[in-house]
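Only the coordinates and a few stated rules stand behind these numbers; no lab work does. Worth saying up front: this structure is predicted, and the values here are computed from it rather than measured. Quick reminder, even Gly has a Cβ in these numbers, built from the backbone with ideal geometry, and neighbours come from all protein chains shown.
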Ligand SMILES: Cc1ncc(COP(=O)(O)O)c(C=O)c1O
Ligand SMILES: [Zn+2]
């Protein structure tokens, strides 16, 4: 299989250790899945790899790496809200979808050392799957990352380096190590195999409900769930199994919103922002590396952005917890943003919201 550069169109075999193209563009996969059909879902496989016919997954190596990720329930929360319980995952966040595919690929091509930067959850996922795969792993997290996430990363046998400064600076430090030491950058934003995993979020919903909800609300930091979800929805559309794009609502933190600002101004590049601290640590991305791609899709599908208001996140978390849903702070931001959206634009009926991180991870 080949990568294809998102900027200059140059191709390279996916076995390359180069994290991006010489021109600076990020890699996409030169891969078009076959037409989606529920008949081609492997119903004997009780993990998200049941959709592997529509994923760029070759061979059976994934069987040794899988921790049973995916297959998370959709729970009715109230008349209008459906919750997709993606914190029911091996490492308690949706990032396992992407990390399982990425690390299975790393194993297949003989990578023996990976590095990754993360606000905590993606690093936690990569560390867990690298542990399963017997691949050495180092994760860089920004200072202030929840201790629960750091403890889990270390428990999986990875080195966890805490970098002072912002999340964006932490990414720079990790990329510096990739450049200087040539280690494999198992990064959820750069590496397109990750999106092959996050696509399954949508395939699962379709198999579970046999339809798509009218609204789908998705948090966007670097946009790994956003992009995977849209690629999968485009695939379902192209396959003729759904006939219209659901209304996507994207949310960003009030304190870090480069894509919301650009979307509202109709711009093609993320706005320059100076993030201020937010309790939604998982979406505090000032410089989303696939920002232009996210904005291209935003304009194409007329996607609306909404803020998670900082002073409403804890209230939303408490409201969810009262009804048995104990999610992490960043995930409570999703529900806070939903409520804000309804205030601004009227009730969003039949809305699917991801509960993508577990509560105990961010308790400190
Ligand atoms: C719980 C949670 N929600 C949302 C996100 C945002 O994901 P992305 O940065 O890929 O948009 C993250 C990222 O770490 C997260 O951990
Ligand atoms: Zn290029």
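Size of segment 1-48 along its principal axes in angstrom, Cα-based, largest extent first?
42, 20, 13
GNM, the chain, Cα, under 10 Å: largest mean-square fluctuation among 199, 323, 95?
323
So what is the relative contact order of the chain, in percent, for Cα pairs below 8 Å that sit 6 or more residues apart?
17 percent
Could you give the semi-axes, largest first, of the ellipsoid that matches segment 75-223, computed as the square roots of 5 times the alpha carbon gyration tensor eigenvalues and rounded to whole Å? Before the final figure, lay out the partial values.
Details: eigenvalues 163, 60, 38 Å².
Whole-Å semi-axes of the equivalent ellipsoid: 29, 17, 14.
Viscosity 1.567 mPa s, temperature 4 °C: Stokes-Einstein D of segment 86-169 from its Kirkwood Cα radius, in µm² per second? Spell out each step's value before the answer.
Details: Rh = 12.5 Å.
For the chosen part, D equals 104 µm²/s.
Per Stokes-Einstein, at 10 °C and 1.306 mPa s, what whole-number D in µm² s⁻¹ belongs to segment 53-114, with the Kirkwood radius over Cα pairs as the hydrodynamic radius?
For these conditions, the coefficient is 120 µm²/s.
With a 10 Å radius around each residue's Cβ, average the other Cβ atoms per peptide and rank 165-172, 139-146, highest first. Please report the intermediate quantities before stating the final value.
Details: 165-172: 19.2, 139-146: 22.9.
Per-residue mean Cβ counts within 10 Å order the peptides as 139-146, 165-172.
Provide the convex hull volume over Cα atoms per residue for segment 14-102, in Å³. Intermediate results must be reported in sequence, preceding the final value.
Values: hull volume 14.5 nm³, N = 89.
It comes to 163 Å³ per residue, whole-number rounded.
Which order, highest average first, do 75-85, 243-253 follow once you tally other Cβ atoms within 10 Å for each residue and take the mean per peptide?
243-253, 75-85
Please give the calculated 222 nm ellipticity per residue for the chain, where each DSSP H segment of at least 4 residues contributes -39500 (n - 2.57) and the sum is spread over every residue; nearest 500 deg cm²/dmol? All intermediate terms of the calculation are to be shown ahead of the outcome.
Values: 12 runs with 130 residues, N = 364.
Taking each H run of at least 4 residues, the total per residue is -11000 deg cm²/dmol.
Show me the ranking of peptides 273-283, 63-73 by mean Cβ neighbours inside 10 Å, starting with the highest.
273-283, 63-73
Quick one: grab the alpha carbon gyration tensor of segment 243-364, order the square roots of its eigenvalues as a ≥ b ≥ c, and give me rounded if a/c is under 1.5, else prolate or oblate depending on whether a/b is larger than b/c.
Note, shape of segment 243-364 comes out oblate.
Between segment 263-298 and segment 171-198, what is the separation of their alpha carbon centroids in Å?
19 Å
Taking every DSSP beta bridge with both residues inside the chain, roughly what % is antiparallel (nearest 5)?
Beta bridges within the chain, antiparallel portion: roughly 30 percent.
Ratio to report: Rg/Rh of the chain, with Cα atoms as the point set and Rh obtained by the Kirkwood method; give two decimals.
0.93
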